[in-house]
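Here the structure is laid out as structure tokens; the discussion comes afterwards.
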Amino acid sequence: MQFQSPPTSKAALEEGDAFTPRFDAAGLITAVVTDAHEGTVLMVAHMNAEALALSLETGIAHYWSRSRNQLWKKGETSGNLQTIVELRTDCDQDAIWLRVEVAGHDATCHTGRRSCFYRRAEKADGGVRLVIDAAPKFDPGTIYTK
């Protein structure tokens with residue numbers, strides 16, 4: 001699947017019906033992922049054109065792993081596949097929002113938790129500390145053996 005070049009006018013970009021994702025200089029677009037039913041933010045990732053095309057073609061979320069420098073089908077190892085319920089783009093088409101249903105353990109984070117946002121920042125002793133407020137749903141050591 002090839003994506004069209006962004007339109008030349010701001011009005012066409014913001015109000016037109018052409019899906020023309022704007023990838024950054026590294027060829028990536030930010031993807032915000034939420035639970036399709038509760039709206040919980042599950043993760044933030046990046047997609048290249050291939051990952052976005054595969055996601056649209058298969059209905060299963062694919063991403064680009066910057067740390068591994070490779071395409072990544074979310075849940076392929078853990079069984080926690082993300083089925084896309086809805087895919088949206090923002091006004092200038094440089095970010096994607098995926099509303100997904102998660103299979104398997106209903107966990108998205110590689111730490112075994114439902115969301116990658118399992119810590120909250122709190123003021124403490126003149127600074128800030130992180131507090132974990134979600135237990136893992138599975139043991140990542142038994143799933144990720146590489």
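Only the coordinates and a few stated rules stand behind these numbers; no lab work does. The model shown is predicted, which means the values in this text are computed figures rather than measured ones. Here Cβ is always computed from backbone atoms with ideal geometry, including for glycine, and neighbour counts include all displayed protein chains.
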Straight-line reach from LYS137: which aspartates and glutamates fall under 14 Å, measuring Cα to Cα and dropping same-chain residues less than 8 apart? ASP106
Comparing SER65, SER55, SER115, which has the greatest mean-square fluctuation in the GNM of the chain with Cα pairs linked when under 10 Å apart? SER65
Return the calculated 222 nm mean residue ellipticity for the chain, to the nearest 500 deg cm²/dmol, obtained by summing -39500 (n - 2.57) across DSSP H runs with n ≥ 4 and dividing by the residue count. -3500 deg cm²/dmol
Once Lys and Arg get +1 and Asp and Glu get -1 on their Cβ, which of THR40, ALA61, PHE117 lies farthest toward the positive end of the dipole of the chain? PHE117
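When the dipole is taken about the Cα centre of the chain, and only Lys, Arg (+1) and Asp, Glu (-1) are charged at their Cβ, what size is it in debye, to the nearest 20? Could the numbers behind the result be given before it?
Working: 16 positive and 19 negative charges, 130 e Å.
In debye, rounded to 20, the chain gives about 620.
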Any aspartates and glutamates with Cα under 12 Å of the LYS73 Cα? List them, leaving off those in the same chain fewer than 8 positions away. GLU50
Share of alpha-carbon pairs per 10 Å distance bin for region 1-100, given as whole %: 15, 49, 29, 6, 0
Which far-off residues, 5 or more places away or on another chain, put their amide H under 5 Å from the one on ILE96, with H placed in the peptide plane? THR30, ALA31, VAL32
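What whole-number value in cubic angstrom gives the convex hull volume per residue for the C-alpha atoms of region 54-137?
Details: hull volume 12.0 nm³, N = 84.
So the per-residue Cα hull volume is 142 Å³.
Considering only DSSP beta bridges where both residues belong to the chain, give the percentage that are antiparallel (nearest 5). List each step's numbers first, then the result.
Details: 24 of 30 bridges.
Antiparallel bridges make up about 80 percent of those DSSP assigns within the chain.
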